[in-house]
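Each remark here refers to the structure printed beneath this line.
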Amino acid sequence: MPEPALNPELIGLLRCPRSGASLRVESDELVSADGSFRYPIRQGVPRLAGEAYAESFGRQWNRYDVARTEEDEATFEAKTGVHPRDLADRLVLDAGCGGGRYARLVGSHGANVLGVDLSTAVDKASALCAELPNVQIAQADLLDLPVAEAAFDLVFSIGVLHHTPDPRRAFAQIAKRVKPGGRLSVWLYRKNTPPQEWLNSGIRAVTTRTPARVLEPLCAGLGVLGSVPVVNRTLNKLANFSAHPDWTLRVCDNFDWWAPKYQSHHTVPELSSWFAAEGFEEIAELPPEKSGDFYRWVYEHDLIIGSGVNVTGLRRG
């Protein structure tokens, strides 16, 4: 299969991670303006960083096919406050694109999308978006984001910053990439009640040290529990496991929870304060995708493990 073609305009938004200088394409490399630094391009993906602490995500997104167009569209709108069709011709940064399902979704609606991720999931994302010349994937670190500042109409990060060793710093990095008047939307794991936090943190102290070849069958076993009525709505409020109706997504969700080295939990006031500190206005909490009085009650009382805090805002002009 031929490598995806590079998008010159989107490549032009990348910066040298070490010098901050612009980059030019030379054969199969990106080269800094003064020629001092070179970065390989493989499978149509500029490699501006190594995998570092994100190894489990490379394995996860390359192993599981989770793109589901109709569901992804509903989730994207719920977690960004924007419908993909309203992004045609807009410049969008997918900060932590994983396997590329949202980059593909937004790109298919005509947006110009730069998707960045630290893990080798960029290989999956590049392949998934190969037929969309308006989508460019790059391997880069959100903690030192090598992307032009104040350039994007929309920057979104869905379920990513809480897997970095410094979510606040990563937030500041992506916030700087929003142009004046542009929108930032961020979804992070919600902080649950103390007993839930203690139990799940204790279990994760073991699972994050468990080899993937052992952990994956355990996540599949939890996938079975996720198909059992009543159990999949009660027991997973103690120790997290997915109740998604799709088997592949259940197993992937379980691995996503128990494998990553870093996982932080947050509150709406905390995340909203980050927006305010970085110069955003019209800051608003986005409601959960699911509805119903009972769901809303347990959600607002922080009882749903794996649920999120979701905030959006506009950068002041």
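Here residue 215 meets the list (1) more than 18 Å from residue 93 (Cβ to Cβ); (2) open to solvent by 10 Å² or more (accessible area, probe 1.4 Å); (3) at pLDDT 95 or above almost entirely, failing just condition (2). Summed over region 30-39, residues that are in contact with a Leu (Cβ under 8 Å, 6 or more places away or on another chain), of a type outside the set (A, V, I, L, M, F, W, C) and open to solvent by 20 Å² or more (accessible area, probe 1.4 Å) total 1.
Looking at 200, 232, 192, 236, which one is part of a loop (DSSP other than H, G, I, E, B), over 15 Å from residue 60 (Cα atoms) and not charged (D, E, K, R)?
Values: 200 fails: part of a loop (DSSP other than H, G, I, E, B); 232 fails: part of a loop (DSSP other than H, G, I, E, B); 236 fails: part of a loop (DSSP other than H, G, I, E, B).
Result of the check over 200, 232, 192, 236: 192.
Residues in region 285-293: is at least one of a type in the set (S, T, N, Q) and out of contact with any helix residue (DSSP H, G or I) (no Cβ under 9 Å at 6 or more places or on another chain)? There is at least one residue in region 285-293 that is of a type in the set (S, T, N, Q) and out of contact with any helix residue (DSSP H, G or I) (no Cβ under 9 Å at 6 or more places or on another chain).
Across region 239-274, which residue is farthest from residue 213 (Cα to Cα) among those that are assigned to a helix (DSSP H, G or I) and of a type in the set (Asp, Glu)?
For region 239-274, the residue satisfying everything is 270.
The set of residues in region 1-29 being open to solvent by 60 Å² or more (accessible area, probe 1.4 Å) and assigned to a helix (DSSP H, G or I) consists of 8, 9.
What are the residues in region 275-317 that are among the aromatic types (Phe, Trp, Tyr) and either assigned to a helix (DSSP H, G or I) or under 18 Å from residue 242 (Cα atoms) (or both), if any?
Within region 275-317, the first condition is being among the aromatic types (Phe, Trp, Tyr), and the residues that meet it are 275, 280, 294-295, 297, 299.
Correct list: 275, 294, 295, 297, 299.
Looking at 150, 127, just one residue is open to solvent by 30 Å² or more (accessible area, probe 1.4 Å) and on the phi > 0 side of the Ramachandran plot, and that residue is 150.
Applying a threshold of 9 Å to beta carbon distances and a minimum spacing of six or more residues, or different chains, the list of pairs starting in region 50-67 at a residue that is more than 11 Å from residue 98 (Cα to Cα) and ending at one that is at pLDDT below 85 reads 51/58. Scanning region 50-59 turns up at least one residue that is of a type in the set (Gly, Ala, Ser) and open to solvent by less than 10 Å² (accessible area, probe 1.4 Å).
Residue pairs whose Cβ atoms lie under 6 Å apart, sitting 6 or more positions apart in sequence or on different chains, and linking a residue in region 85-104 that is touching a residue at least 24 places away in the same chain (Cβ under 8 Å) and part of a helix (DSSP H, G or I) to a partner that is crowded, with 24+ Cβ neighbours inside 10 Å and among the β-branched types (Val, Ile, Thr), are 87/106; 103/113; 103/135.
The values are calculated or read from the model by the stated rules, or taken from the named source; none is laboratory data. Given the structure is predicted, the values throughout are model-derived calculations rather than measurements. Counting neighbours? That spans all protein chains shown, and the Cβs are built from the backbone with ideal geometry, glycine included. These area figures cover heavy atoms from the full protein model, side chains too; ligands, DNA and RNA do not enter into them. Shrake-Rupley method; radii C 1.70, N 1.55, O 1.52, S 1.80 Å.
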